[in-house]
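For reference, the structure is listed below as C-alpha cells.
The values are calculated or read from the model by the stated rules, or taken from the named source; none is laboratory data. Computed from a predicted model, the values in this text were never measured in an experiment. Virtual Cβ from ideal backbone geometry, glycine too; neighbours counted across all protein chains shown.
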C-alpha cells in the first residue's frame, strides 16, 4: 500500500492512502487522520469534510470518504468511569469490544449486545446500531446506550440521550457516522456469572423446520442463530443447523470449567498473512465446506467459551484475505416477520440459480427497530458472503428486487452496492425523517462518507 | 511494587505501565496536561484495578522538579521504578532557522531529563535501591542531517545515562537506556516510515517492562535495531556525510 504523508494548511497531519472496508470492496484514496482528542477533530473539521472510522470492520464504504478526511478513533480509547454496582461504563468511542471483554468478563460483566467480531469500536457499534445473536430478545446496542457525546458540524459537543437532544440521539444511532463524530458513550453492561455459554445445536433438514424451531426456542434461549447450507440442492435444500445459547450460571458448570472461569482466557490465533492471489472460493470448495459444516455438526448441548461462541472467525486474523484482491460483498437483508419464510425461500432459490454460492449464510430472528436508520426491525435477517466477481453485483441487484417486494431492506454497514433509488425505497419514511435532523445539525454536510453520497444521504 | 511515569501522555509510557499494572504495581502518572492526566489514571484504575495517582509535572519547569519528586514520594515513599518518557521530536527544518525550536528540542529531550534524573538519582542512591529507565532513541546513536537536533539531544542523553549508570551501580540502583526505533504513535503519524520497521507501542512497552524488571542496561526495541544501528554506526564518516540520511 502506498502511503504518503502530508499536512493541511493548519499543519495538521494526515496520510493519504487507499482505504476500504472489511470486504475490500470498494477502495478509495482518503486523507487519513488519527486525532487524539476534540481539539484535533475541530481543526480537521475546519479543513474539510470527514467521517469517523473505528477499526474499519464495516464491509463496504461506510467508513471511507473518497478524497476527504477519515478520522480514526484509535487514539481515543479510554475507559472514563465504571460503576461496579450498576455495570454502567463510560468510555471513549475508540474502545473496542475486545477491550471491554478483556477488562470486564472476569469481573462478571458482558457487553449486552455483541456483533460477530470483537474488533469493533463503540463508536462504530453505535453508528451502525449493531445487533447480535440476541436481537430478538435484547434489541440492538442502542438499547443499552444511555447517552453519548458527539462533536457536531458546528464544532459544538452535544450530549445526547433519550431525554436530551433525543432527535440527534435517534439519528446518530444507526446513522452511519453522518451526524457527527461520536466522542464517548455511556453503556450498561450485562451481569454474567461465568464466561461460558450453555449452547445447543439442532440440526434441521429444511427451512420449514427452522422457522418452527425459532418460535419453539424463542422463550428459552437468549441467543439464537442458524447457519444454512445454501448450495445444497434436491432433498438437502435448505438444510441448516440452529445454534442456541444462554450465559451459563456458575453452579451449572462442570468443576473444570468453574475453575477456568476465574482465569484469564488465552486464545490461539492464526492469520491469513496475505491476500491469496486467486479466489480460493468456487462452487466446489464452497459446496464442500458447507457439506462439511452440516456433516460435522451434531445435535448436542455443550458449554462453550464466549470467545469461541461469539467470535469464531476472530481466531483467524484477516480471514477476508481468502477472498483475494477483488474482495467480498456481504449481503444482509431483513424481511418482515409474516413473510419471512416465503422471502428467504425465494432468495435462496435466486442465489442457487445464479450459481453464486455463499461461503457462510446465516439466518436469525430480529426484534424491534431502534434508531431511525437502524437496520433491524421485527423479522428475519439473512446474511451471505459473495466473492466479488463477474455477475455478483447483478445477482445482488436481483436480490434487492425480491427484498423490496417483501417490504424488506439491506444493512448499510455491510452494503457496498445499493443505489440511491433502491435505498430510498427500502428506507422509505425513515430516510426523510433522518434527513430533517441531518440538515438541522449539519446543513453543510461536514460529515460525509462514500456510502452517504452513494445512497443520497449526503450530496455528491 | 510501584512505578512512577514521567511523561504519562505517551503511548509507549502507557503501554509499559500497563504491564506494570497487570503485575500489580501501584502507579503514579506525572504529566503536564491536567485533563489527560486524570483520564489516564482513571482508565488505568478501571482497566487494571490498581491504585493510581496523578501528579502534575512540567518537564520544562526545572525549578519545580524537586517539588514534583517530593509530591510523588509523599504518595509512595517506597517508590521502586521510575520511567521517564517525555520528549519532543520537533522539526529539524524549523530548529535550524529558529533557535527557540532547537532550544525546546534540547530542553525536553536532554536538560529536562537531566534535571529530574539527578533528583531521583540522589534519592535512590541514598536508599541504595531503585530502578530508573529513560527513553532515549536510536536517533542518538549517530547524527544525521535529517534530524540531528533531536538526535544530538538524545545522543547526549544516552551518554549522560551511561555515566549515571556507572555512578549508581555501586549503590545497587539500575539505570536503563531504552532506544526505540520507529514506533506507531501520534508523534510519528504522518511521517514517511518504512512500514516493516514500525513497531506498535504495545510491543515496545512490553520490551521496556521486561528490560526494567530484569535490570538491563541498554535496550534496543524492537531488538533488530541493535543490528541496524551497528551497521549505521560502522559506516565511515567520509562516506556517511555524503549519504542523504
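Candidates in the stretch A:28-40 are the residues that are in contact (Cβ under 8 Å) with a residue 40 or more places away in the chain and touching a strand residue (DSSP E or B) at 6+ places or on another chain (Cβ under 8 Å); of these, the one that is nearest to the other protein chains (Cβ to nearest Cβ) is A:34.
So, restricting to helices (runs of 4 or more DSSP H) that lie completely within the stretch A:362-460, which ones have at least 1 residues that are under 15 Å from residue A:335 (Cβ atoms) and modelled with pLDDT of 95 or more?
Working: elements: A:392-405, A:420-426, A:431-441, A:450-454.
Where helices (runs of 4 or more DSSP H) fall fully within the stretch A:362-460 and carry at least 1 residues being under 15 Å from residue A:335 (Cβ atoms) and modelled with pLDDT of 95 or more, they are A:392-405, A:420-426.
Let's see how each residue does on (1) part of a loop (DSSP other than H, G, I, E, B); (2) modelled with pLDDT of 85 or more:
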position: A:210; (1), (2): no, yes
position: A:227; (1), (2): no, yes
position: A:230; (1), (2): yes, no
position: A:235; (1), (2): no, no
position: A:246; (1), (2): no, yes
position: A:256; (1), (2): no, yes
position: A:285; (1), (2): no, no
position: A:293; (1), (2): no, no
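Please specify each residue of the stretch A:67-91 satisfying the condition of being surrounded by fewer than 24 Cβ atoms within 10 Å (Cβ to Cβ), assigned to a strand (DSSP E or B) and within 9 Å of chain B (Cβ to nearest Cβ). Correct list: A:79, A:80, A:81, A:82.
This table checks each residue for (1) in contact with a helix residue (DSSP H, G or I) (Cβ under 7 Å, 6 or more places away or on another chain); (2) away from every other protein chain (no Cβ under 14 Å); (3) not in a strand (DSSP E or B).
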| residue | (1), (2), (3) |
| --- | --- |
| B:133 | yes, yes, no |
| B:193 | no, no, yes |
| B:203 | no, yes, yes |
| B:208 | yes, yes, yes |
| B:215 | no, yes, yes |
| B:226 | no, yes, yes |
| B:230 | no, yes, yes |
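For the stretch B:84-98, state whether one or more residues are in contact with a helix residue (DSSP H, G or I) (Cβ under 8 Å, 6 or more places away or on another chain) and without any contact (Cβ under 8 Å) to a residue 12 or more places away in the chain. For the stretch B:84-98, residues in contact with a helix residue (DSSP H, G or I) (Cβ under 8 Å, 6 or more places away or on another chain) and without any contact (Cβ under 8 Å) to a residue 12 or more places away in the chain: present. Can you confirm whether the stretch B:75-83 contains a residue that is surrounded by fewer than 16 Cβ atoms within 10 Å (Cβ to Cβ), closer than 24 Å to residue A:90 by Cα and over 15 Å from the mean Cα position of the chain (by Cα)? Scanning the stretch B:75-83, I find no residue that is surrounded by fewer than 16 Cβ atoms within 10 Å (Cβ to Cβ), closer than 24 Å to residue A:90 by Cα and over 15 Å from the mean Cα position of the chain (by Cα), so the answer is no.
Just checking, which of A:172, A:152, A:179 is under 16 Å from the mean Cα position of the chain (by Cα), buried (at least 19 other Cβ atoms within 10 Å of the Cβ), in contact (Cβ under 8 Å) with a residue 40 or more places away in the chain and farther than 20 Å from residue A:248 by Cα? Working first, answer last.
Numbers: A:152 fails: under 16 Å from the mean Cα position of the chain (by Cα); A:179 fails: under 16 Å from the mean Cα position of the chain (by Cα).
When all the criteria are applied, what remains is A:172.
From B:207, B:141, grab the single residue that is within 16 Å of residue B:10 (Cβ to Cβ) and crowded, with 17+ Cβ neighbours inside 10 Å. Talk me through it step by step, then tell me what you get.
Values: B:141 fails: within 16 Å of residue B:10 (Cβ to Cβ).
None of the other options fit; the residue is B:207.
Scan the stretch B:175-187 for residues that are modelled with pLDDT of 80 or more and within 14 Å of chain A (Cβ to nearest Cβ) and the total you get is 5.
Selection of the stretch B:32-74 for residues being surrounded by 17 or more Cβ atoms within 10 Å (Cβ to Cβ), within 14 Å of chain A (Cβ to nearest Cβ) and part of a helix (DSSP H, G or I) yields B:36, B:37, B:39, B:40, B:41, B:42, B:43, B:44, B:45, B:46, B:47, B:48.
All conditions in (1) touching a strand residue (DSSP E or B) at 6+ places or on another chain (Cβ under 6 Å); (2) surrounded by 20 or more Cβ atoms within 10 Å (Cβ to Cβ); (3) more than 14 Å from chain B (Cβ to nearest Cβ) hold for residue A:97, with the sole exception of (1). Within the stretch A:321-361, restricting attention to residues that are in a helix (DSSP H, G or I) and under 20 Å from the mean Cα position of the chain (by Cα), the residue that is farthest from residue A:25 (Cα to Cα) is A:322.
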